[in-house]
Amino acid sequence: MTVAADAGVVASSGSGHTWARLRADRGALVALVFLALLCCVALGADLIAPAHPSQLDVRRAFEGPSAEHLLGTDDLGRDVMSRMIYGARVSVRASLQVVIGALLIALPLGLVSGFFGGRIDNLLMRSMDALMSLPPLILALAIAGVLGPGLTNTMIAISIVLVPSFARLIRGQTLAVREEVFVEASISIGSPTGWILRRRILPNVASPLLVQASIALGTALIVEASLSYLGLGIQPPQPSWGSMLRRAYDDVFAGGWLLFIPGAAIAATVLAFNALGEGLRDALALGSGTLRHRGGGRLGLTGVRRSGPAPSPDEGEVVLDVRGLSVEFDSAAGPQRVVDDIGFSIRRGQTLGLVGESGSGKTVTALSVMRLIPSPPGHIVAGSVRLGGSELLELSLPEMRSLRGDRMAMVFQDAMTSLNPALSIGHQLVEAIRLHRDVRRSDAAQRALELLQRVQIPDPGHRMRDYPHQLSGGMRQRVMIAMALAGEPDLLIADEPTTALDVTVQAQILDLLRELRDELGLAMLFVTHDLGVIAQICDEVSVFYAGQIVEHADIATLFERPRHPYTEGLLAAMPGLDSAAEALYGIPGNVPPPQRMPEGCRFHPRCPHVMQQCRSQETPLIELDREGSTRCLRYADLQLKGAP
């Protein structure tokens, strides 16, 4: 399935998905609730505090907690709880204003530096480096000392301390985003620079900046408390947690417990800010750690939520047997089924093709077999996937890792992004071999050389030392095939491996895959949107539409006598030798999104042969004698055209 993103967004998470992942993180959720309550307390201090924070009663100095004074009194008999509540107002306000002030300065600096580069970038970043070379607290003390004591001056000092880290983060994100195609497209049509920075760059740096800001709030709180402790922050008689900590330290022998109250408040608030930042990082999928969800799935292993036993496997020499496979993705509107009741089997030496338009569910099906769909948001909710005698949906992550690259392997569409640009071809091949075979590095290197020869790489000894950028697209794809063959798999999944290649190289890769299949006896699952490619390499084909198989047949039958109108449309859209002067046929309409699937037959809004029953009745997959299967109620009375 191809997911189309709005132009100008590199990587984004829907607000519904982000909130769902944040709620699943109990630590982040507790931190969010705690900070929300703290803000409410700070805003409502006048209504909540039992007494005025400056009300003196020297006769009751250093009283312990009581019904009248829940947290006791200080050296002047003032109510500690009231001073803590009003101190929260100062500390929260200072943290927010400091971070907002730092962002207002750092945001334009980082955007301009990263977008324009050159001398501007060098000048701005060297200035930031100079500020970062000084210890933060020492720098804040120096600035506050020059400006003088007071809350406003303290906030200015802390804001200046935070600017360099924010500016470097924004600059780094801007450097990455400005190379994207949508930015080049905006520049090419003459969009103003300010508009590009606001509408194209800024939305893509917002997510990591939000995480950094939440953590910086805790840093600002600590620095403000430190300066107030040293007498450079808010001045008496106004309370702040830092100044309260200082007075408690001066009277530690008379009222030692008073140290723990503001100290615990500062520690708890900083911990909450950090926990919320960590939670936001995971919810926005910015971290390098493994994401977990309530169903137990994680990145690297698609979660399984099916109920009931797995269907029984077929008899015979079946390498891959898929039955009743259904996949759902979480969304703000609830689970959306993107693959629905998919079933097929592949025998040794056989190639099955999955074909259909973008968004039909082909790639999701292939990734589900490998269990490579990230969870969340994807989950396998029904069905069975058996590789030989192993039920893949019941395996743990270590067990799946032992199968991937060994008994089953996958070749992806874009070899350049699949290969590590920092490592040589030989290094990556040796690494893949030694991952599944207990061999010496020299033996693995010899095996890698043989694999490059097998996939017809010229001068393989020299190419072993090359890096991916030094190879052509076809050569990189051959390397990916060699890497997939390193473990001598029973099943090879090829996800549109020739789409990015020119016609000549595409034919060479298809010939290579066919030769390897016959030579090694591989079972192959081939995903493509091109029926011409299907005709060259596949034995059987399953036609996908809107997450379902609408027709399955062997190649000869499908091309000569299709049994579903969608297949007829795909065949008619194939370019032929006599169609150069004519406009190519296109099926009217588009594949419906999962949240707007039509009632009845999913193809009926685009079907030229639709009848009333198609609009209201769910169409099952009908088995045909020796002719595969179809999901069309009118298959018997329609005379559909085959390939032109």
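The values are calculated or read from the model by the stated rules, or taken from the named source; none is laboratory data. Keep in mind that this is a model prediction, so the values were computed, not measured. Every residue, glycine as well, gets a Cβ built from its backbone with ideal geometry; the counts of neighbours run over all protein chains shown. Note: areas computed on protein heavy atoms with side chains; ligands, DNA, RNA excluded. Shrake-Rupley method; radii C 1.70, N 1.55, O 1.52, S 1.80 Å.
Please find, among Asp314, Asp321, the residue that is in contact with an Asp or Glu (Cβ under 9 Å, 6 or more places away or on another chain) and either modelled with pLDDT of 90 or more or buried (at least 22 other Cβ atoms within 10 Å of the Cβ) (or both).
Residue meeting the stated conditions: Asp321.
Hey, does region 153-161 have a residue that's touching a Ser or Thr at 6+ places or on another chain (Cβ under 8 Å), farther than 30 Å from Ile187 by Cα and not hydrophobic (A, V, I, L, M, F, W, C)?
For region 153-161, residues touching a Ser or Thr at 6+ places or on another chain (Cβ under 8 Å), farther than 30 Å from Ile187 by Cα and not hydrophobic (A, V, I, L, M, F, W, C): present.
Could you name every one of the helices (runs of 4 or more DSSP H) located completely within region 527-644 that has at least 3 residues being without any contact (Cβ under 8 Å) to a residue 24 or more places away in the chain?
Filter on region 527-644 gives 612-616.
Per-residue answers, yes or no, for (1) farther than 18 Å from Ala220 by Cα; (2) touching a helix residue (DSSP H, G or I) at 6+ places or on another chain (Cβ under 7 Å); (3) part of a helix (DSSP H, G or I):
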{"residue": "Met125", "(1), (2), (3)": "yes, yes, yes"}
{"residue": "Leu134", "(1), (2), (3)": "no, no, no"}
{"residue": "Leu139", "(1), (2), (3)": "no, yes, yes"}
{"residue": "Val161", "(1), (2), (3)": "no, yes, yes"}
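Contact list please: Cβ distance under 7 Å, first residue in region 55-70 and among the acidic types (Asp, Glu), second residue part of a loop (DSSP other than H, G, I, E, B) and surrounded by 14 or more Cβ atoms within 10 Å (Cβ to Cβ), pairs at least six apart or on different chains.
Within 7 Å, the pairs are Asp57/Gly77; Glu63/His69; Glu63/Gly72.
Without any contact (Cβ under 8 Å) to a residue 40 or more places away in the chain and either part of a loop (DSSP other than H, G, I, E, B) or of a type in the set (Ser, Thr, Tyr) (or both): which single residue out of Ser368, Ser375, Ser402 fits that description?
Result of the check over Ser368, Ser375, Ser402: Ser402.
Tell me which residues, restricted to region 28-52, are assigned to a helix (DSSP H, G or I) and either open to solvent by less than 40 Å² (accessible area, probe 1.4 Å) or free of Cβ contacts under 8 Å to residues at least 12 places away in the same chain (or both).
Residues satisfying the conditions are Ala28, Ala31, Val33, Leu35, Ala36, Leu37, Leu38, Cys40, Ala42, Ala45, Asp46, Leu47.
Could you please find all residues in region 451-472 being open to solvent by 80 Å² or more (accessible area, probe 1.4 Å), closer than 20 Å to Val411 by Cα and of a type outside the set (S, T, N, Q)?
Matches in region 451-472: Arg454, Tyr467, His469.
This table checks each residue for (1) at pLDDT 85 or above; (2) part of a helix (DSSP H, G or I); (3) open to solvent by 50 Å² or more (accessible area, probe 1.4 Å).
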| residue | (1), (2), (3) |
| --- | --- |
| Pro65 | no, no, yes |
| Gly77 | no, no, no |
| Ile85 | yes, yes, no |
| Ala88 | no, yes, no |
| Ser95 | no, yes, no |
| Val99 | yes, yes, no |
| Leu107 | yes, yes, no |
| Gly114 | yes, yes, no |
| Ile120 | yes, yes, yes |
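Of the residues that make up region 473-486, is at least one farther than 15 Å from Val411 by Cβ and open to solvent by 10 Å² or more (accessible area, probe 1.4 Å)?
The answer is no; no qualifying residue exists.
One line per residue, one yes/no per condition, for (1) open to solvent by 70 Å² or more (accessible area, probe 1.4 Å); (2) out of contact with any Leu (no Cβ under 7 Å at 6 or more places or on another chain); (3) in a loop (DSSP other than H, G, I, E, B):
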residue	(1), (2), (3)
Leu393	no, yes, no
Asp406	no, yes, yes
Ala409	no, no, no
Pro421	yes, yes, yes
Gly426	no, yes, no
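Out of (1) at pLDDT 85 or above; (2) open to solvent by 20 Å² or more (accessible area, probe 1.4 Å), what's the single condition that is false for Pro489?
Here Pro489 meets the rest and fails (2).
With respect to Phe166, determine if the residue is at pLDDT below 80, closer than 21 Å to Leu111 by Cα, of a type in the set (Phe, Trp, Tyr) and not in a loop (DSSP other than H, G, I, E, B).
Against the criterion (at pLDDT below 80, closer than 21 Å to Leu111 by Cα, of a type in the set (Phe, Trp, Tyr) and not in a loop (DSSP other than H, G, I, E, B)), Phe166 does not qualify.
Among (1) modelled with pLDDT of 90 or more; (2) open to solvent by less than 10 Å² (accessible area, probe 1.4 Å), there is one condition Ser345 misses while meeting the rest; what is its number?
So the condition that Ser345 fails would be (2).
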